[in-house]
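Chemist: Got a structure for you, written out below as structure tokens; questions coming shortly.
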Amino acid sequence: MDDKLFDLYSDYLLSSFAATTATGMSALMDNAISHDQVSRMLNGRKREPKEWWQMVKAAVRSMQGADGVVTIDDSIVEKPYTDENELSCWHYDHAQGQLVKGINFITALYTVGEVSLPVTYRLVTKTESYIDKQGNRKRRSRVTKNEHFRAMLQNCVRNRIPWRYVLNDLWFASAQNMSYVKLKLDKEFIMALKINRKVALCQQDKLDGRYHRLNQLDLPEDTVTVIYLEQVSFPPICSVRPAQTQMARPLCAIW
């Protein structure tokens with residue numbers, strides 16, 4: 001893949017306010033680059049996460065810092081008119097609350113100060129077919145999003161990117177992910193929790209198995225409370241914020 005052409009095409013996408021096409025980019029460049037060149041680049045060999053890291057490595061090294069933050073998030077680029085395949089297929093969009101057809105990708109955005117750079121990514125490919133309980137044929141991925149989450153953070157550590165916190169929404173806030181970040185990677189995290197997440201307010205309640213749903217507790221906003229989660233061996237600090245959605249309320253960060 002032509003890196004210079006790739007960079008030009010990326011700039012074209014970022015700066016456009018309307019539909020983007022290979023022909024449109026060619027016209028913008030006064031035909032210095034043909035639309036066939038753009039099409040061949042896009043249809044050529046796909047760039048892997050390892051190659052992406054080689055592209056951004058120098059820029060990351062120039063801005064990295066010990067207080068860096070890695071934000072893990074997944075998004076869907078809707079492709080309603082594209083033929084269904086293992087990459088462009090049906091995914092559940094939590095923002096819309098329904099299935100949408102498109103490409104689902106997970107990114108790791110590294111931030112230090114006011115500078116942010118994507119350092120790795122994963123494409124969610126649904127390579128397996130199965131029949132659900134209603135008899136409908138569906139697709140699923142061999143690798144879960146939470147497995148991608150942990151692998152991407154491990155890559156950041158392996159690539160010697162200095163960071164202190166990982167930020168993510170409630171879809172990645174599993175007990176296994178929390179324990180992996182804290183105990184395996186020796187890092188901190190800030191994660192949203194579902195309102196039905198069960199917590200204990202003291203260690204004895206945790207030992208006795210007395211848990212309460214978050215939405216059943218009268219926790220004042222903008223306060224800090226120590227809570228204990230099921231299957232998490234250390235007590236996170238829970239800071240309650242105004243609800244952004246009906247599904248998530250507090251943010252929780254470990255100490």
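Chemist: Which numbered condition trips up Val119, out of (1) part of a strand (DSSP E or B); (2) modelled with pLDDT of 95 or more; (3) open to solvent by 50 Å² or more (accessible area, probe 1.4 Å)?
Modeler: (3)
Chemist: When you scan region 138-208 for strands (runs of 3 or more DSSP E) that lie fully inside it, which ones turn up with 1 or more residues that are among the hydroxyl-bearing types (Ser, Thr, Tyr) and touching a Phe, Trp or Tyr at 6+ places or on another chain (Cβ under 9 Å)?
Modeler: 165-168
Chemist: Still on this model: Select the helices (runs of 4 or more DSSP H) contained entirely in region 4-110, then report the ones holding at least 2 residues which are modelled with pLDDT under 95, open to solvent by 30 Å² or more (accessible area, probe 1.4 Å) and closer than 30 Å to Met191 by Cα.
Modeler: Qualifying helices (runs of 4 or more DSSP H): 49-63.
Chemist: Can you name the number of the only condition in (1) surrounded by fewer than 18 Cβ atoms within 10 Å (Cβ to Cβ); (2) over 13 Å from Phe234 (Cα atoms); (3) modelled with pLDDT under 90 that Ala192 fails?
Modeler: (1)
Chemist: Test each condition in (1) of a type in the set (S, T, N, Q); (2) more than 26 Å from Asp3 (Cβ to Cβ); (3) touching a helix residue (DSSP H, G or I) at 6+ places or on another chain (Cβ under 7 Å) for Asn85 and report the one that comes out false.
Modeler: If we test Asn85 against (1) of a type in the set (S, T, N, Q); (2) more than 26 Å from Asp3 (Cβ to Cβ); (3) touching a helix residue (DSSP H, G or I) at 6+ places or on another chain (Cβ under 7 Å), just (3) comes out false.
Chemist: Please go through region 145-198 and give me each residue that is of a type in the set (Gly, Ala, Ser) and under 20 Å from Val115 (Cα atoms), ordered by number.
Modeler: none
Chemist: Something else: Out of Gly102, Gly65, which single residue is touching a Pro at 6+ places or on another chain (Cβ under 8 Å) and more than 25 Å from Ser10 (Cα to Cα)?
Modeler: Gly65
The values are calculated or read from the model by the stated rules, or taken from the named source; none is laboratory data. What you see is a predicted model; the values in this text were computed from it and never measured. Note that we place each Cβ from the backbone using ideal geometry, even for glycine, and neighbour counts take in every protein chain shown. Surface areas here come from the heavy atoms of the whole protein model, side chains and all, with no ligands, DNA or RNA. Shrake-Rupley method; radii C 1.70, N 1.55, O 1.52, S 1.80 Å.
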